[in-house]
Every structure is written in C-alpha cells, then in structure tokens.
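Trainee: My structure is below; once you've seen it, I'll send some questions.
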Amino acid sequence: MSTLIWKDYSVIYTAQINTLLLETGGFIIVSDVHSFLSVDQNYIRCIILDCPNFSINDFIFLRRKVKQGIDIIVIDQDWNKKLHNFLKNQRYQLKKREAAFNEFNSSSFCCEEMIQINKMNRSVIIQGNIEVEMTKKEFNLFYFLFENKGQIINTEEIIKRVWSGLTSEANVYMTIQKIRNKVEINPKSPELLVTKKGGGYIFNYPNQI
C-alpha cells in the first residue's frame, strides 16, 4: 500500500511511475487535481496533505473524492485560520511534518531513492517522479555537492569551485536554503544537504549512482 502526498509544487507524473509506486508501496506525490484523480485509490492507505494554499472548498472536494477508509493527515503549518479551525472542528488529524512522515515509515524519501540529474535543462528528478527546476547557480552547487556526496565540502571550496571565488559565505548559505526548499521534505531539518560544524556541507546520499 502506498502513501499519497499532496504538495504545492509541480511534479512529473506518469501512469508508468504511478503503477511502479503502487506496486512497491512507495510515496506518490501530486500537486493538482488531475494527478490526484489519476491515482488508483485501491492501493492508497493514507493521504498526507502538505498544501497550505488549500481553501475550504478545495478540502471538501478532496474529501468527497477520497474513498471511505483512507485517512487524511494534514500537515499542521501555515494554513489560513478559517481553514485551520474548520479542520480542527471536523476532527481531522493535524500533525507536524516529521510526525506525519515517520508514522508511515519514511525517514527521508529524498535520500532513499535514486536521484537523476539532467544537465541540459538543469533539472533534478528525485524519487523517480519529482522534477525540481533550479537556477544555474542552484544547479551548479547541487551538482557539485552531488559529485562529492559523502564528503564534507567547506564553504571556501564551494565559493572557489561554484562561484570562481567571487561571492560571500552568506550567498552560499542562501543558495543552499533555496535548494533545500525544493528537495527536502522538511527544509528546516534537512536530511539531504546537511550542514557540518566548521562551515561545511555534505550531500548525505548513501547510494552510488
């Protein structure tokens, strides 16, 4: 059985990937109604809703389309107050992101699945179906750390290799944060791009590609 995650960002989603994830019990990531309706709910055990831009009408539509017996867990974050109160009054499960994912045995979908990198359009595909578009600098930094995965790379080396020595540590930090916002389940508690003491970063990816 698979867990469906509805997030705000766009993803590449195909019938072949859908079938694979359903068969392996992995996560299925959607961000729009069309993708959601294409999923065979007979193989879904839970929906994690990580989409604070939803309105009450959006949620009611979702609830009507979800088969009976499938739990909906809502990530308790920056939802608008009216919707938040509505969900609480309806007794939906409101949980922090870490608790919601840990409950369904996912320490980090980013680190456990293969990462594919397309140099032509500077895109990164994680978990087989999530395409992440990056700026040139974001991609260059991500790719540099990826090439050196498992090694601690200090900030000075990053500045030298990615910016040709022409930037600041603050800019490196800001770029790392932007990348984390695109690839991490919880950017505030990263598991893929990890900060190390002394001003370095490590691409925490155990599998070799």
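Trainee: Which one is modelled with the lowest pLDDT among residues in segment 94-144 that are open to solvent by 80 Å² or more (accessible area, probe 1.4 Å) and at positive phi?
Mentor: Ranking the qualifying residues of segment 94-144, first place goes to ASN105.
Trainee: Within segment 177-188, can one find any residue that is in contact (Cβ under 8 Å) with a residue 24 or more places away in the chain and surrounded by fewer than 14 Cβ atoms within 10 Å (Cβ to Cβ)?
Mentor: no
Trainee: Let me ask something else about it. Can you confirm whether GLU147 is out of contact with any Ser or Thr (no Cβ under 6 Å at 6 or more places or on another chain), modelled with pLDDT of 90 or more, surrounded by fewer than 19 Cβ atoms within 10 Å (Cβ to Cβ) and not β-branched (Val, Ile, Thr)?
Mentor: Here the answer is no, as GLU147 does not meet what is asked.
Residues are listed down the side, and each one gets a yes or a no for (1) assigned to a loop (DSSP other than H, G, I, E, B); (2) under 17 Å from LYS7 (Cα atoms); (3) open to solvent by 80 Å² or more (accessible area, probe 1.4 Å):
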{"site": "ASN53", "(1), (2), (3)": "yes, yes, yes"}
{"site": "PHE59", "(1), (2), (3)": "no, yes, no"}
{"site": "GLY69", "(1), (2), (3)": "yes, no, no"}
{"site": "ILE72", "(1), (2), (3)": "no, yes, no"}
{"site": "GLN77", "(1), (2), (3)": "yes, yes, no"}
{"site": "PHE86", "(1), (2), (3)": "no, no, no"}
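The values are calculated or read from the model by the stated rules, or taken from the named source; none is laboratory data. Computed from a predicted structure; not experimentally measured. So basically every Cβ, Gly included, is an ideal-geometry build from the backbone, and we count neighbours across all protein chains shown. Note: areas computed on protein heavy atoms with side chains; ligands, DNA, RNA excluded. Shrake-Rupley method; radii C 1.70, N 1.55, O 1.52, S 1.80 Å.
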